[in-house]
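Structure, as structure tokens:
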Amino acid sequence: MRSRFLVLSVILVLLLASSSGVANPGGKGDSNRDFTCGGSCHGDPSLSSVSSADIRIDAASTAFSGTATEISISVSGMELSENNLVGVFLLSSKNGNDDHPEDHGWQIIQDPNGGTSNYVEVISENDNSITVSWVLLAPIDEGTKQIFASIHHGSFYNHDNKAYIGETDGLLVSIEPVPENYPRLKEGWVSPDERISGDSSPIIVRTVNTDSLSVFWRLSGESQSHEASVEMIEDQEWEVSLPATLGDTRIEYQIIASKDDFNNQIPWLSMGTSDPYFDGTSLGAKLQSLSFTLIILGFMLSLQAWFSPKGVRKLADNTNEVEEMISDDNSDYWSRLIPSDENPGWLWDPIEKEWVADPNNLPGGKQ
Amino acid sequence: MYAITFHHMVVGLAAGAGTLMGICALLAWLSRYISNLESSQSTLDKASYAASILTLVAIPLAMFSGYYSVSEPAGSAILYNKFVFSGIAMGFTASYIAGRVRFGPDLWANNALGNLQMLSALFGLTAIMILGSIGSKITLGESTLDLLPFWPEFMNSIVINQWISLFLLILGVSSVIFSFRIMKSIKPISELD
């Protein structure tokens with residue numbers, strides 16, 4: 001009986017637990033993922049459906065080997081859920097494994113959210129449409145490469161709790177040999193995704209075959225750009241001074257590497273602003289909290305002592321004690337007196353050897 | 001999991017008790033000036049006294065449960081501020097209780113002590129309101145006190161070096177011991193002529 005109950009309990013717990021693990025309607029954050037997250041969850045046909053979205057992927061049809069290129073993905077016509085969240089994949093295959101562009105020689109310099117992931121989550125601000133761009137270094141291997149885009153999202157009217165999935169056909173990009181002495185970014189250089197609020201320290205750019213470097217910057221959403229100050233600190237290493245940003249501001253910058261007749265204009269990159277580094281510790285917080293408690297208590301107690309009334313303590317009223325003492329003395333005194341028949345109205349005090357008038361029978365019959 | 005639930009419960013208790021302490025102390029103080037409240041002074045004083053004791057118990061419990069409710073209890077300025085303001089709230093609440101214990105219910109009859117006691121309760125209540133506002137900022141992203149134009153920015157905090165904090169702690173302990181020694185000679189108002 002007990003074992004049956006145990007088994008039933010375990011089954012019930014497992015059934016209840018499954019409901020909390022079927023989906024992530026709020027997204028799971030930017031990360032590196034294969035197509036439909038490696039075929040799990042949303043890859044299951046019973047849990048997914050085809051999105052009505054129109055997806056376009058754009059990039060230059062040719063790119064020089066190892067140079068920066070921009071790939072743009074535009075999605076429109078989606079029916080999104082309440083949170084307007086869309087997950088966008090940039091893929092180099094749709095096998096369900098090894099789909100990351102880096103598995104096929106690409107290197108992500110910057111994703112649409114400022115990081116270096118091939119999967120990003122974006123909130124559609126208007127018309128259920130989005131446009132996002134990745135900046136990548138083209139593969140070193142020459143030849144034709146394919147790039148795919150895929151999306152998944154929820155829907156407001158979604159009673160089956162399905163994920164809506166859309167994908168594109170492969171976009172062919174021809175990787176051509178880089179011209180001799182072509183100025184470009186050094187392989188492995190990645191754009192910083194953010195700076196600390198108020199930090200104006202320069203960013204370091206590493207290049208190849210570059211004689212001069214110019215950088216333009218603008219704040220996100222602005223169209224007018226400004227030229228940044230650039231200083232060469234070592235061979236093919238440049239220090240670029242961009243103004244400090246505050247709050248949620250994103251700054252965008254475009255690098256133009258030049259050598260002789262070549263001008264390599266790298267797509268716009270962006271950099272966010274993060275909160276200042278906080279150096280508080282748990283122990284410090286506890287100590288500071290307790291010290292504040294004690295200092296305030298000590299200060300307030302001192303004030304209470306300062307303001308306390310300076311009157312004297314009420315004088316002791318010992319009337320009762322005195323009366324009791326007198327009463328006790330009197331009873332001792334009167335009890336030792338001896339009445340005398342010979343001298344009515346008088347009592348004999350054997351200690352003092354004297355006659356005392358009896359208050360209850362005064363001499364001469366007086367009361 | 002249970003820490004979060006417990007934290008929500010204890011925070012409610014601390015906020016409720018702190019509000020009761022502050023409001024009753026304010027009314028007890030006002031009863032010196034408003035004749036309609038005069039007859040309720042004793043009740044208000046007792047209510048405020050009891051609420052202050054509950055507040056002093058609830059705040060450390062709220063700190064303790066809050067500590068285990070987040071992954072990095074002092075990882076950001078806003079969480080650090082919760083510790084700091086909890087300490088301030090405890091300091092003023094403890095001062096209120098100490099004053100009430102030392103001088104008794106007749107302290108409201110004394111001008112200076114009544115004012116001091118009312119200020120202790122009000123500062124304690126203000127610190128608790130700030131704590132509530134910070135909690136609301138963390139969980140909801142906004143608080144009712146955002147309406148005030150001069151409300152301080154909780155995203156920043158004054159972090160004192162640990163050694164200076166330790167020094168302040170020693171200073172605090174010394175000042176409390178010293179103050180209690182001074183107060184030994186002070187008698188309740190009811191025992192004074």
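At a glance:
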read-out	value
Out of A:T144, A:T116, A:T168, sole residue that is surrounded by fewer than 16 Cβ atoms within 10 Å (Cβ to Cβ) and of a type in the set (S, T, N, Q)	A:T144
Residue count, the stretch B:167-177 (criterion: more than 7 Å from every other protein chain (Cβ to nearest Cβ) and within 19 Å of B:S95 (Cβ to Cβ))	2
Residue within the stretch A:197-218 that is closer than 26 Å to A:V120 by Cα, surrounded by 14 or more Cβ atoms within 10 Å (Cβ to Cβ), modelled with pLDDT under 90 and touching a Gly at 6+ places or on another chain (Cβ under 8 Å) present	yes
Residues satisfying the stated conditions in the stretch A:241-267, i.e. closer than 16 Å to A:T207 by Cα and not in a strand (DSSP E or B)	A:D260, A:I266, A:P267
The stretch B:46-74 - residue that is surrounded by 15 or more Cβ atoms within 10 Å (Cβ to Cβ) and over 16 Å from the mean Cα position of the chain (by Cα) and, of those, farthest from B:Y96 (Cα to Cα)	B:V70
All positions within the stretch B:21-43 that are of a type outside the set (S, T, N, Q), out of contact with any Ser or Thr (no Cβ under 7 Å at 6 or more places or on another chain) and assigned to a helix (DSSP H, G or I)	B:G22, B:I23, B:L26, B:L27, B:W29, B:L30
Selection status of A:A23, surrounded by fewer than 18 Cβ atoms within 10 Å (Cβ to Cβ), at pLDDT below 85, on the phi < 0 side of the Ramachandran plot and out of contact with any helix residue (DSSP H, G or I) (no Cβ under 8 Å at 6 or more places or on another chain)	no
The one condition in (1) in a loop (DSSP other than H, G, I, E, B); (2) within 14 Å of chain B (Cβ to nearest Cβ); (3) without any contact (Cβ under 8 Å) to a residue 12 or more places away in the chain; (4) not basic (K, R) that A:Q224 fails to fulfil	(2)
Search result, residues across the stretch A:111-155 that are in a loop (DSSP other than H, G, I, E, B) and under 20 Å from A:R250 (Cα atoms)	A:D111, A:P112, A:N113, A:G114, A:G115, A:T116, A:S117, A:S124, A:E125
So B:K46, is it within 9 Å of chain A (Cβ to nearest Cβ), out of contact with any strand residue (DSSP E or B) (no Cβ under 9 Å at 6 or more places or on another chain), in a helix (DSSP H, G or I) and not polar (S, T, N, Q)	no
Test for A:S93: is it within 30 Å of the chain's Cα centre (by Cα) and either in a strand (DSSP E or B) or not β-branched (V, I, T) (or both)	no
Unmet criterion (only one of (1) within 8 Å of another protein chain (Cβ to nearest Cβ); (2) modelled with pLDDT under 90) for B:I164	(1)
Unique match (being more than 7 Å from every other protein chain (Cβ to nearest Cβ), β-branched (V, I, T), under 22 Å from B:S157 (Cβ atoms) and surrounded by 15 or more Cβ atoms within 10 Å (Cβ to Cβ)) among A:T273, A:T293, A:T281	A:T273
Pick from the stretch A:230-242, criterion more than 24 Å from A:P112 (Cα to Cα) and touching a Leu at 6+ places or on another chain (Cβ under 9 Å), ranking: surrounded by the fewest Cβ atoms within 10 Å (Cβ to Cβ)	A:M232
Check on A:I256, touching a strand residue (DSSP E or B) at 6+ places or on another chain (Cβ under 6 Å), closer than 30 Å to B:I158 by Cα and of a type outside the set (S, T, N, Q)	no
Residues of the stretch A:40-69 satisfying the condition of being of a type in the set (D, E, K, R) and modelled with pLDDT under 90	A:D44
Matching option when the condition is free of Cβ contacts under 8 Å to residues at least 40 places away in the same chain, within 13 Å of chain A (Cβ to nearest Cβ) and in a loop (DSSP other than H, G, I, E, B), among B:P73, B:P60	B:P73
Residue within the stretch B:137-152 that is free of Cβ contacts under 8 Å to residues at least 60 places away in the same chain, surrounded by 20 or more Cβ atoms within 10 Å (Cβ to Cβ) and either assigned to a helix (DSSP H, G or I) or more than 8 Å from chain A (Cβ to nearest Cβ) (or both) present	yes
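The values are calculated or read from the model by the stated rules, or taken from the named source; none is laboratory data. Note that the structure is a prediction, hence the values are computed from the model and not measured. We place every Cβ from the backbone using ideal geometry, glycine too, and count neighbours over all the protein chains shown.
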